Amino acid sequence: MQQQTLTTDPLWDEGISSFLHVEFDKRQAPLSVQDLQRLAIENAVRIGDMLETLFLMAIYGEWRYTDTLGKDLPLDESALNDLYAKGRLGAEDLGEFAGLWSPAS
């Protein structure tokens, strides 16, 4: 009997995830919304796509979203739905994301 291998698509954008990891490794410091804005410009990626990727990675335990003191800030499916409800994010929306992003391990 032939065994089938099931492949699943990643839950988030692997390209965005990759350059976020590289940036974190290079800086050895959590990423702020200002860092994300700079990365979005440098990599020609929409900031909303970057935040969606970070939200999903945080929800699934791959990354953390914390305040400036390192206390975890909760992100869940409801928060992600709120992000989606906004449509495309603009500069005025980024004030809501004053926390810091870093890999969970």
Nitroxide proxy distance, nm - points 7 Å out along Cα→Cβ at Glu42 and Glu92 = 2.9
For the chain, convex hull volume per residue from C-alpha positions, Å³ = 139
Segment 9-49 to segment 59-105: how many Å between their Cα centroids?
-> 13
Once both label points are put 7 Å beyond Cα along the C-beta direction, the Ala104-Tyr60 separation in nm becomes 1.0
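Values quoted throughout were computed directly from the atomic coordinates according to the rules given, and no laboratory measurement underlies them. Since the structure is predicted, the reported quantities are computational estimates derived from the model, not experimental observations. FYI the Cβ positions are ideal-geometry reconstructions off the backbone, even for glycines, and counts take in every protein chain you see.
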